[in-house]
Structure formats: structure tokens, C-alpha cells
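What follows is a short report on a single structure.
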Amino acid sequence: MKYKAYLVEENNGEFAGSVKELDVPDLEEGRLLIKVKYSSLNYKDALAATGAKGVVRSYPFVPGVDVAGEVIKSSSNDFIPGDEVIATGYKIGMAEFGGFGEIVHLPSEWVVKLPENLSLFNAMCHGTAGITAAECVNKIIKGGISNTLPVLVSGATGGVGSIAVSLLSKLGYEVHAITGKPDENEMLTSMGATKIISRSDFMSEPLKPLDKASYSSAVDTVGGEMLAKMISMISNNGVVSCCGNVGGAMFTSSVFPFILRGVQLSGVDSAESPINLKKELWNLLANEWLIDLNNQTKIVNIQEIDNEIKKILDGGQIGRVVIKHGE
Ligand SMILES: NC(=O)c1ccc[n+]([C@@H]2O[C@H](COP(=O)([O-])OP(=O)(O)OC[C@H]3O[C@@H](n4cnc5c(N)ncnc54)[C@H](OP(=O)(O)O)[C@@H]3O)[C@@H](O)[C@H]2O)c1
């Protein structure tokens, strides 16, 4: 039996993706064969599709860190054919063929059942971006942050950033959004941001060892000097959830935010988060943290992925891109 997939191949150091027919693998012990209905595009998928170092072990390869679909064969006691499931992260789309193919063959311990109240499509409007944003927000909540000062979010029109803005707003926080796309004010306001800060304005003043304490906490998807600046502006006992590096990997900070204000810099690696945490977060996203992402989600098929990959690498994506398989 064959299935369609967006396969990335390497030719003399050049990487290119195209839609190919592949053989459905035989079911191995402890694994599931899943018919993928939806996947989604994340920054890591764009890196995988363009051969960036350190993401995919070997090519040809099918990217896609996110999967939502139906179990068609199971060798696990926890799942039966017909179960609707979600899988994100771990080695999916890095060492195991991912959701840009119509079939995946995954270890059952990476898979969660779709919670009631969430459709497969809505799960992929979130995808890894949503689980990451949820984990960032969870860290702020667990830090016992009060609502008296706003929470700052960087990369606010991107996948993780836009969902973080929506979740924080839904949960009653005042949200200030930093963006390089000031034209998207309306979109950010509709997601719940009360103030939009242009990235260039935010970065225009030089970094201080300790700046005015203007924010209770922050979600940073950008890294680099942006992260350093955010840390310097957090008030006492605030939490900075750090998850991304689109703006740079290295940053220089002083110790003062940490030793004079007790600020916590809290890293998020949602791919490798324990499956029980992922289950807990999916349940929150399906219930108390339910948000409508339809207006910030674009749907494409696997023939249309190339353009979207280019856009995300250029920092030009707005919101989320869901990949729909089949008709
Ligand atoms: N640690 C984890 O578990 C985890 C999980 C998922 C993603 N990530 C990381 O989180 C980051 C965001 O992922 P994503 O999927 O949300 O990507 P995305 O949709 O491309 O969003 C990134 C956003 O960052 C801003 N941006 C882009 N280039 C920038 C630059 N050079 N300087 C400053 N800001 C820039 C843009 O928003 P504005 O124009 O609004 O500023 C862009 O939309 C990536 O680094 C990704 O690898 C980490």
C-alpha cells in the first residue's frame, strides 16, 4: 500500500521537497500506524525542510513535528483502530517521518488521545506552537504571578507568540505584544493584546543592567538581545518563559534581575516534555483554556507547503498554518 508525503531530498548539498508516493511501513511492536488528517507548520519544520544542521538525522525525509489523525493499526494495549489521536514533538519530524505524510508509524508512548471538545483540526491549529505557548503560560501561572502589571510577549504574530497572547488574555492577564509587523495591530488586538509595541522601538534604547520594572512576566519566542531586554524589565519574582531563538541564540544579561528582583528565567522544551504534561495541557486547551484560533489559521495542502516554508523562514508568517491531507 502507498501513501502521499512531502519528501525532502538532498542533491549535492541542495535540499528540495516534493510530493511523492511512499510505501506504508509494517507495524512494529509498541507502535501505531496513524492516518494523518492534519499536521501543522512550525519553525522547526521549515528548518527540517531546508536541511538546517542539527534538525534531521538523514535524508530523504518527511518533516512535520505535529500529527492529528486516526489510528489504523495498533500493537499497543492503550490504543485501538479508530481512536482519534494527537502526537507532537519527541523525534517526530526529526528522526521519524512526520505529519507532512498521510501515514505515520510512531511509538505509542508519544501519542495522546484527542480530548473531548477538541477536533483534530483545532488540535492542529495549536500543534507544537500551542503546546509550547501553553507550557510557557503554565510556568507563569505556576510562578504565582499577580495580574497587577502586564505580561510581555515577543514574536507576537508568530505561531507560539500569537497563541501565548490569546491564552494570556483569555486567562485575564493584560498582554503587551512586541512585533516586527506593526501593520498587524488589528489582528493582535483581536487576539487580546492591549498594547502593541514595535520591535524596533522596543530595542531602540540601549540594554540596561536593570531597567524599570514594567512587566510582571514574559513569554519570549525570539531570544538574543530581545530576551536580555525583556529580563531587565521584569518586576519582583516574575517569570520569563524562554522558548525560541528566531532573533538569535546568544544574549548578555546582568545578574541584577535575578539577585535584586528574584526573576526566574524558565526554559521550555515542549518537544521532550513528559507525555503526562502534554496530556494535561491538551486537556486545558480543550476546556478552561479553550480559544478560537480559526481567524489566525490558514489551511494548505502538501502541494502548497513550499511557499509557507519560505514565509516562516523570512519571519513573515502570521498566526498558524494547518496542513490538511486528503480531499
Ligand atoms: N522550545 C520549544 O519547545 C519550542 C517549540 C516551538 C517553537 N520553538 C521556537 O520558538 C520560535 C518561534 O516559533 P514559531 O513556530 O512561533 O515561529 P514563527 O511562527 O515564525 O514566529 C516567530 C515570530 O518571531 C518574530 N521574528 C521573526 N524573525 C525575527 C527576528 N529576526 N527578530 C525578532 N523577531 C523575529 C516574528 O513575529 P513578529 O513579526 O510579530 O515580531 C515571527 O512571526 C522559534 O525559534 C522556534 O524554534 C521552540
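The values are calculated or read from the model by the stated rules, or taken from the named source; none is laboratory data. These numbers come from a predicted model, not from an experiment. Ideal geometry is used to build each Cβ from the backbone, glycine not excepted, and the neighbour counts take in all protein chains shown.
Before moving on, here are some points about what is shown:
- A residue that is within 11 Å of the ligand (Cβ to nearest atom) and either of a type outside the set (Lys, Arg) or on the phi > 0 side of the Ramachandran plot (or both) occurs nowhere in the range 228-239.
- Some residue of the range 81-97 being closer than 30 Å to Thr189 by Cα and part of a helix (DSSP H, G or I): no
- Of the residues contained in the range 109-125, none is found to be under 19 Å from the mean Cα position of the chain (by Cα), within 11 Å of the ligand (Cβ to nearest atom), closer than 20 Å to Leu41 by Cα and not assigned by TED's automatic domain parsing to the domain that holds Ile312.
- Positions within the range 279-327 being away from the ligand (no atom under 11 Å from the Cβ), over 19 Å from Ile86 (Cβ atoms) and either in contact with a Cys (Cβ under 7 Å, 6 or more places away or on another chain) or not hydrophobic (A, V, I, L, M, F, W, C) (or both), in sequence order: Asn295, Lys298, Asn301, Gln303, Glu304, Asp306, Asn307, Lys310, Glu327
- For the range 302-317, taking the residues that are buried (at least 20 other Cβ atoms within 10 Å of the Cβ) and of a type in the set (A, V, I, L, M, F, W, C), the one that is nearest to the chain's Cα centre (by Cα) is identified as Ile312.
- Which numbered condition Asn276 fails, given (1) assigned by TED's automatic domain parsing to the domain that holds Asn138; (2) more than 12 Å from the ligand (Cβ to nearest atom): (1)
This table checks each residue for (1) in a helix (DSSP H, G or I); (2) among the hydroxyl-bearing types (Ser, Thr, Tyr); (3) within 13 Å of the ligand (Cβ to nearest atom); (4) outside the structural domain of Cys242 (by TED's automatic domain parsing).
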{"site": "Leu149", "(1), (2), (3), (4)": "no, no, no, no"}
{"site": "Leu167", "(1), (2), (3), (4)": "yes, no, no, no"}
{"site": "Asp183", "(1), (2), (3), (4)": "yes, no, yes, no"}
{"site": "Leu188", "(1), (2), (3), (4)": "yes, no, yes, no"}
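- Any hit, the range 283-301, residues being buried (at least 20 other Cβ atoms within 10 Å of the Cβ), of a type in the set (D, E, K, R) and under 16 Å from the mean Cα position of the chain (by Cα): no
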